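Reading through the structure tokens given below for one structure.
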Amino acid sequence: MSLAEKVSNDLMAAMKSKDNVVLDALRAAKTAFTLARAEKGVDSVLTPDEETKVIQKLVKQRLESAEIYKQNNRPELYEKEMAEARVLEKYLPAKMSDEELTSVLKTIIERVGAKTPADLGKVMGVAMKELAGKADGKEISAKVRTLLGG
């Protein structure tokens, strides 16, 4: 079952249970899937990676909005955005632990032959492809800088 199908099924269940937070989050996801398919063209199907990227984008939007609401002292809106982000995160692959991330990045650094902070771009290109959905880009970047001594 694709991620989009799972979201649709869970959306139906949320409608029946009248869970508004889940309902809002899954409606946004379903709309985002529809828009992503429309961008690709008629009768297109999203790959699992594309579906994951759609959900990641929605989570990121929710977290950024929540931060803005927090700065503007709007706790009710902050809580709503955070709750929706938590709902959507359940559809993403499990995040890597700090130790796992460090191990994988050390392997990538060795493989591309990176030695100095100037090699950050080479490492990041490979790392972002291999770790898509498993770790946050900012987290990867910070860890690579540390490992390259930057």
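The values are calculated or read from the model by the stated rules, or taken from the named source; none is laboratory data. On a predicted model such as this, the values are computed, not experimentally measured, just so you know. Glycine gets a Cβ as well: all are built from the backbone with ideal geometry, and neighbour counts include every protein chain shown.
Got a sec? Which helices (runs of 4 or more DSSP H) wholly within segment 1-108 have at least 1 residues that are among the aromatic types (Phe, Trp, Tyr) and either over 17 Å from residue 134 (Cα atoms) or assigned by TED's automatic domain parsing to the domain that holds residue 131 (or both)? Can you show your working first?
Values: elements: 3-17, 20-40, 48-71, 75-89.
Passing ranges, in order: 20-40, 48-71, 75-89.
Being surrounded by 12 or more Cβ atoms within 10 Å (Cβ to Cβ), outside any loop (DSSP other than H, G, I, E, B) and either free of Cβ contacts under 8 Å to residues at least 12 places away in the same chain or at negative phi (or both) is the requirement here; does residue 139 meet it? Yes: the conditions hold for residue 139.
Considering 90, 80, 95, 53, the condition of being out of contact with any strand residue (DSSP E or B) (no Cβ under 9 Å at 6 or more places or on another chain), crowded, with 18+ Cβ neighbours inside 10 Å, within 25 Å of residue 22 (Cα to Cα) and not hydroxyl-bearing (Ser, Thr, Tyr) is satisfied by 80 alone.
Among residues of segment 47-63 that are free of Cβ contacts under 8 Å to residues at least 24 places away in the same chain, those with a beta-carbon under 7 Å from a residue that is surrounded by fewer than 18 Cβ atoms within 10 Å (Cβ to Cβ) at least six positions away or on a different chain give the pairs 50/36. Could you say whether any residue in segment 51-72 is of a type in the set (D, E, K, R), modelled with pLDDT of 90 or more, more than 15 Å from the chain's Cα centre (by Cα) and over 23 Å from residue 13 (Cβ atoms)? Scanning segment 51-72, I find at least one residue that is of a type in the set (D, E, K, R), modelled with pLDDT of 90 or more, more than 15 Å from the chain's Cα centre (by Cα) and over 23 Å from residue 13 (Cβ atoms), so the answer is yes.
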